[in-house]
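Trainee: One structure, as structure tokens, below. Some questions next.
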Amino acid sequence: MLDLIRPGDARYARVRHVYGATGSPGAVVRPTSPEEVTEALAFARDAGSPFAVRSGGHGISSIATNDGGTVIDLGALASVDRLDARTVRLGPGAHWGHVARALHPWGLAISSGDSGDVGVGGLATTGGIGLMGRAHGLTIDSLVRAEILTADGITRTVSAQENPDLFWAVRGAGANFGIVTSFEFTASTSADVVQAQFAFAVPDLAGFLETWGATVEASPREISAFLYLGGGAQPFAQATVVYAGTDTAAATRALEPFASLPGVVGQRAQVTAYADVPLTTDAPHSGQQRALTHTGLVDHLDLALSRRLAVMMSGGAVQMLQIRSAGGAINDVPEDATAYAHRHQNFSVTAISVGARAAFDAAWEPSFTLMDGMYLSFESDHAPRHVEDAFPPRTLARLRELKAIWDPDGIFTQNFDVTARP
Ligand SMILES: Cc1cc2nc3c(=O)[nH]c(=O)nc-3n(C[C@H](O)[C@H](O)[C@H](O)COP(=O)(O)OP(=O)(O)OC[C@H]3O[C@@H](n4cnc5c(N)ncnc54)[C@H](O)[C@@H]3O)c2cc1C
């Protein structure tokens, strides 16, 4: 019997929200098994109204709720199971912070992202740029098998051997092809890491960004580094730099260039469980994060781009800039191996605004013209043209062919619909 939560149910207030939006869905369906996910999809289609798929509800897209439609909430499918020495099976509704804590006693870890509140389902169907990304690749790069409910109501196994085309598509454009009900990963053995945190005063933002980029690129691939910048007249920056391993002598050598960057006003480093790296609040969702984001990928933080980013940050329309390292093991993967095809860029750049959309768009555009593609999980704007930024032409063409086979009626179009034409 499907658990249906409708307006008037005492639980409704807890399930109508996601991180970035408050919706008024007509029904929230909470399946407790993969079989019930099949029933939930049939229910949503019979209802005839729009439906949304929710795993962690922490999507920047804020599309995991709606008004008047159905939400298929996978939050109850949150299991974390160890299948053999390094293989783990995760439910889509598990949160990455909980996954990291569950894996640590087994001596395992999976690089996900900087937020432990993010759900497995949303991140593992798009990419996963994490704080061990340069060492171990994107999250999807360690995915070895998944179960996906496709539009015909059948749940299929996808892997390198089984439905390989669909396996390719799930790793970058998963939401276009169905509802993933379980994921199997080969976890890394980097259960403990060296985590460093830095604070910088940044009077010359352009110069700082260029130096930061060169420092990250010159680092050994055990290093992944995320930079968070506040805008305004006196820019400041904080950074989390992770060395994937516990060789403290090697980590000290690798971290030294970061400690020598201009403007350091605070720093600390410690050996810690990787499980303590992603910030995990477990805060209930109330639509609390209403910010707008734009995002792009770049090969280098060269001076031309750094100058434009500095101008953008001084203009008042952008409150925060996040620069996450990619590269390393992420770029070892051939660009046609997964639907996430951005395998030469070294950084993901994301601007965040709490102001007016038009001013934000105008501030972002000069920087984006110097960028090369984007990672869809950091973009809050779903204009059709972004599909061409998220997927290069050959990837998009293949995705459209597969979409015609696996979702011919266009059921799964909510999240960067690959059939959208600008
Ligand atoms: C504070 C914060 C920090 C972040 N940091 C990082 C980071 O460091 N690295 C990174 O890579 N990303 C990061 N992200 C982005 C994050 O990976 C995406 O927003 C992701 O989609 C959230 O996953 P979720 O399951 O919580 O999302 P939800 O809101 O539940 O889902 C978002 C959408 O994904 C699709 N989806 C969800 N589950 C499934 C499923 N099981 N099958 C098919 N499609 C599904 C649906 O279209 C759904 O609407 C961050 C996001 C936030 C809010």
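Trainee: Measure nothing fancy, just the Cα-based angle from helix 303-314's long axis to the longest principal axis of the chain, in degrees from 0 to 90, nearest 10.
Mentor: 70 degrees
Trainee: OK, next. Under a GNM of the chain (C-alpha, springs under 10 Å), which listed residue has the highest mean-square fluctuation: P164, P34, P25?
Mentor: Highest fluctuation among the options: P164.
Trainee: Report the charge-dipole magnitude of segment 192-382 in Debye, nearest 20, computed about the Cα centre from +1 at each Lys and Arg Cβ and -1 at each Asp and Glu Cβ. Show your work: numbers first, answer last.
Mentor: Values: 9 positive and 19 negative charges, 101 e Å.
The calculated dipole for segment 192-382 is roughly 480 debye.
Trainee: Between segment 163-236 and segment 56-105, how many Å separate their Cα centres?
Mentor: Centre-to-centre (Cα) distance: 20 Å.
Trainee: Ok, one more. How high is the relative contact order of segment 192-306, given as a whole-number percent (alpha carbon pairs under 8 Å, six or more residues apart)?
Mentor: That works out to 42 percent.
Trainee: Show that you can apply the helix-only estimate: for the chain, add -39,500 (n - 2.57) for every DSSP H stretch of four or more residues, divide by all residues, and state [θ] at 222 nm to the nearest 500.
Mentor: Mean residue ellipticity, 222 nm, calculated: -8000 deg cm²/dmol.
Trainee: What FRET efficiency, computed as 1/(1 + (r/R0)^6) with R0 = 25 Å and r the Cβ-Cβ distance, is obtained for Q267 and W106, rounded to the nearest 0.05?
Mentor: So, using R0 = 25 Å, E works out to roughly 0.20.
Trainee: Accessible area per residue, 1.4 Å probe, Å², for the chain: what's the number?
Mentor: Numbers: 16240 Å² over 422 residues.
Accessible area per residue: 38 Å².
Trainee: Subtract the Cα-Cα distance of V311 and V144 from 0.36 nm times their separation in residues, and report this length gain in nm to one decimal.
Mentor: Extra length from V311 to V144 when fully extended: 55.8 nm.
Trainee: If you don't mind, there's one more thing I want to ask. What does the charge count around E222 come to, taking other residues whose C-beta lies under 13 Å from its C-beta (Lys +1, Arg +1, Asp -1, Glu -1)?
Mentor: Net charge around E222: +1.
Trainee: Rounded to whole Å, give me the distance from the Cα center of segment 357-384 to that of segment 392-416.
Mentor: Measuring centre to centre over Cα atoms gives 22 Å.
Trainee: Under a plain spin-label model, where a point goes 7 Å from the Cα along Cα-to-Cβ, how far apart in nm are D165 and T246?
Mentor: 4.7 nm
Trainee: Taking a ≥ b ≥ c as the square roots of the eigenvalues of the Cα gyration tensor of segment 192-382, is the shape rounded (a/c under 1.5), prolate (a/b larger than b/c) or oblate?
Mentor: Taking the square roots of the gyration eigenvalues as a ≥ b ≥ c, segment 192-382 is rounded.
Trainee: So, counting K/R as plus one and D/E as minus one, what does the shell of residues with Cβ under 14 Å around M312 add up to?
Mentor: Details: positive: R307, R308; negative: D361, E365.
Spelling it out: positives minus negatives among the neighbours equals 0.
Trainee: Running Debye on the chain with equal point scatterers at the Cα sites and no solvent, what base-10 log of I(q)/I(0) appears at q = 0.11 Å⁻¹?
Mentor: Once normalised to I(0) and log-transformed, intensities are -0.80.
Trainee: Give the calculated FRET efficiency between V354 and E39 to the nearest 0.05, with a Förster radius of 41 Å applied to their Cβ-Cβ distance.
Mentor: With R0 = 41 Å, the Cβ-Cβ based efficiency is 0.55.
Trainee: Using a 10 angstrom Cβ neighbour count of at most 16 plus a DSSP loop assignment to flag exposed GluC sites (Glu not before Pro), which longest range of the chain is free of such sites?
Mentor: The longest uninterrupted stretch comes out as 163-334.
Trainee: Considering only protein heavy atoms and a 1.4 Å probe, what is the carbon-and-sulfur percentage of the accessible area of the chain?
Mentor: Heavy-atom surface of the chain belonging to carbon and sulfur, 1.4 Å probe: 52 percent.
Trainee: Given segment 4-73 reduced to its alpha-carbon atoms as identical point scatterers, what log10 I(q)/I(0) does the Debye formula return at q = 0.19, 0.21, 0.23 Å⁻¹?
Mentor: Values returned for q = 0.19, 0.21, 0.23 Å⁻¹ are -0.66, -0.81, -0.96.
Trainee: Let me ask another. Under a Cβ-Cβ cut-off of 12 Å, what is the net charge of the residues other than R16 that fall near it, where Lys and Arg count +1 and Asp and Glu count -1?
Mentor: Charge balance near R16 sits at +1.
Trainee: Now, a different point. In what sequence, highest mean first, do 122-130, 257-265, 201-209 appear when ranked by Cβ atoms within 10 angstrom? Intermediate results must be reported in sequence, preceding the final value.
Mentor: Working: 122-130: 28.7, 257-265: 14.7, 201-209: 18.9.
Sorting 122-130, 257-265, 201-209 by mean packing, highest first, produces 122-130, 201-209, 257-265.
Trainee: List the trypsin sites (Lys or Arg not before Pro) within segment 264-338 that DSSP assigns to loop and that have no more than 15 neighbouring Cβ atoms inside 10 Å. Can you show the working numbers first?
Mentor: Values: sites: R268, R290, R307, R308, R324; in loops: R290.
Those that pass, being in a loop and sparsely packed, are R290.
The values are calculated or read from the model by the stated rules, or taken from the named source; none is laboratory data. Treat the numbers as computed from the prediction; the structure is a model and nothing was measured. Backbone-built Cβ (ideal geometry, glycine too); neighbour counts: all protein chains shown. Protein only, heavy atoms only, side chains kept; ligands, DNA and RNA dropped before computing areas. Shrake-Rupley method; radii C 1.70, N 1.55, O 1.52, S 1.80 Å.
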